[in-house]
Structure formats: structure tokens, C-alpha cells
1. Which residues' amide hydrogens lie under 5 Å from the amide hydrogen of residue 46, considering only partners 5 or more residues apart or on another chain, with H built in the peptide plane?
2. Can you tell me the relative contact order of the chain? Whole percent, Cα pairs under 8 Å, sequence separation 6 or more.
3. Mind ordering 135-148, 29-42 by average Cβ neighbours within 10 Å, highest first?
4. Would you kindly derive the ³J(HN,Hα) couplings of the range 100-107 from the backbone phi angles with the Karplus curve 6.51 cos²θ - 1.76 cosθ + 1.60 (θ = phi - 60°), listing them in order in whole Hz, with x for Gly and Pro?
5. Do the sum for the chain: with -39,500 (n - 2.57) for every DSSP H run of n ≥ 4, divided by all residues, what is the mean residue ellipticity at 222 nm, to the nearest 500 deg cm²/dmol?
6. Hey, got a sec? Which GluC sites (Glu not before Pro) in the range 95-140 land in a DSSP loop and have at most 10 other Cβ atoms within 10 Å?
7. Filter the chain for me: DSSP H helices, axial length by Cα at least 18 angstrom, mean Kyte-Doolittle hydropathy not below -1.0. List them by residue number.
8. Which whole-number percent is the relative contact order of the range 27-74 (Cα, under 8 Å, 6+ apart)?
Amino acid sequence: MADLKIRKIPDSILRKKAAKVDKVSDKEKKVLADMAETMYLNQGVGLAAVQVGIDRQLAVIDVGDGLIKLINPVIVKKDGQETQEEGCLSVPEVTVKVKRAKTVHVNFLNEEGEVIQLRAEGLLARAIQHEIDHLSGVLIVDHLNPIQKLLLKKKPTLSKTAKRI
Ligand code: ZN
């Protein structure tokens, strides 16, 4: 069973912009399968490849409705706004209120290399936006303003119910 090592802040790979996948090969399929196992073992609802040290545009998500594997995901449309407490497997001991779009339309490649269009809302939409942030080197703490960042240093918030993405 693959239990990949999850990179945590301040690991510099978390700040890298992940490279696009040109062709989906067995290598990418193996990485996605290993990432899914690692996500489940760590009770996360999403995981991006940079979090396991691979700077490629790959992510896995399962918010309870089944596993989704995303290759080169791009948000093409956003609607509404919603603020919710979020955790991250790479940012331990902290949860952050993050304002995100309520609904997103995302395009990505599946393992067969086909372009998939998906409309997502709620936690799935949140997880997709969180993973796409990871693929651009963005972390939940970047959504805080400087004052909130200072407050977090003094007294970290940790919501037990917030999902780790
Ligand atoms: Zn995360």
C-alpha cells in the first residue's frame, strides 16, 4: 500500500507552480492511485501532487461522493461566494476561514486523456478550488490578511469539523 510522505509547510515544493501533464501515461495513473490511497489513509478529502513532492498538475478528491482524479484542472466559470473553515494536510494544526466561489465549472483530463467538464458546488467546489490553489503554489494561509496572520500566530484556530483538503 502506498502511503506517500505528505510535505508540510515550509517545504518549498508547496510554493512551486506545478507543470502541465502533456500525455497521460501509466506513470501518471500510478501517481494518482498512490495519491488516492495516501489521501484516504490521512483522512483528507483532497490531495494535490505537490503535497507528495511531485510538481505536476495532478489532484485527487473525494468529499464522500466517490473518487475524482483531476489532470490539468482549470476553472472556467465561478458563481456565488461562501466562507467556510478549511484545513489542509500540508498545514497541520491550523484551520482557516476561506472565501471561495460557491459553484465552479472545471475542465480537466481524465486518465484516458479525455476532456471532462464538471459543475461542482458545496464542499466539492471548495475542494477543487483548494487543489487548484496547490497546483499554483497557494496555501490556505495566503487567504488571510496581515492582521489575521498575526492573530493566527498568537492563537491558532483549529476546528475539529473542518475538512482537511
Ligand atoms: Zn491542502
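1. Distant-sequence amide H within range of residue 46: 62.
2. Computed value for the chain: 26 percent relative contact order.
3. Peptide ranking by packing, descending: 29-42, 135-148.
4. Taking θ as phi minus 60°, the curve returns 9, 5, 6, 10, 9, 10, 10, 10 Hz for the range 100-107.
5. Working: 3 runs with 39 residues, N = 165.
Calculated at 222 nm, the ellipticity per residue is -7500 deg cm²/dmol.
6. 112, 114
7. What comes out of the filter, once short or polar helices are dropped, is 26-41, 122-135.
8. 29 percent
Since every read-out is calculated from the coordinates, none of them should be taken as a lab result. Computed from a predicted structure; not experimentally measured. Counting neighbours? That spans all protein chains shown, and the Cβs are built from the backbone with ideal geometry, glycine included.
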